[in-house]
């Protein structure tokens, strides 16, 4: 069965600092991984997705993630944090049931950005 | 293209009542999935519909049900509401819901059960 674990429920960085949000996956088949962001009182917005085409995936708003099979990781990074990046971030893996997909989410990491 | 829309955005109900939530997918998308988000349990998959058929179901009691119409719009119903049903209910649409199809989420309906 597929699962994801997000290390750190809260991360705090200074504006302009590196953002690193950690995600490790468990999967018996090649995983398809996603990062979503949720702003207060909103739904989930897709940041980026990994579907085996390239190990370094670039997403929106300057975020990127690198798939590392040897470490079973898919960490999300951004070189320089902005105040507007404050939100909750979810890592997710596709679980296929009968060929149809559903998303299995991590517990989320709340990112705080301070001046 | 317009995104996924959900109505209503907020609902307040009392225990024992029932509620119906609505979701309109992105135009051309035929798969609609529903998720429940709570502080304690996080994001959990409820069920998925495609061409008016439920193809996939999560581990929720039978009080939670859904349906999909021929225009791909979907409704979710919760009967005999319990306090623990208070949550943000998110709808997601994708083109086919198969393989690695990406799911796009709506803004959610926040249900409060008193």
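The values are calculated or read from the model by the stated rules, or taken from the named source; none is laboratory data. Quick caveat: nothing in here was measured; it's all calculated off a predicted structure. We place every Cβ from the backbone using ideal geometry, glycine too, and count neighbours over all the protein chains shown.
Given the structure, is residue B:37 closer than 20 Å to residue B:110 by Cβ and part of a strand (DSSP E or B)? Spell out how you get there, then give the answer.
Values: closer than 20 Å to residue B:110 by Cβ: yes; part of a strand (DSSP E or B): yes.
When the stated conditions are applied, residue B:37 passes them.
Tell me which strands (runs of 3 or more DSSP E) are completely within region A:59-115 and hold 1 or more residues being more than 13 Å from every other protein chain (Cβ to nearest Cβ) and in contact (Cβ under 8 Å) with a residue 24 or more places away in the chain, or say none if there are none.
It comes to A:64-68, A:73-78, A:87-97, A:109-114.
Considering only residues that are under 19 Å from residue B:98 (Cα atoms), more than 10 Å from chain A (Cβ to nearest Cβ) and either surrounded by fewer than 19 Cβ atoms within 10 Å (Cβ to Cβ) or free of Cβ contacts under 8 Å to residues at least 40 places away in the same chain (or both), which ones fall in region B:27-48?
B:27, B:28, B:30
Restricting to region B:71-100, and then to whatever is within 13 Å of chain A (Cβ to nearest Cβ) and outside any strand (DSSP E or B), can you tell me which residue is modelled with the highest pLDDT?
B:95
Kindly provide the set of residues from region A:45-58 that are farther than 20 Å from residue A:3 by Cβ and not in a strand (DSSP E or B), ordered by number.
Selection gives A:53, A:54, A:55.
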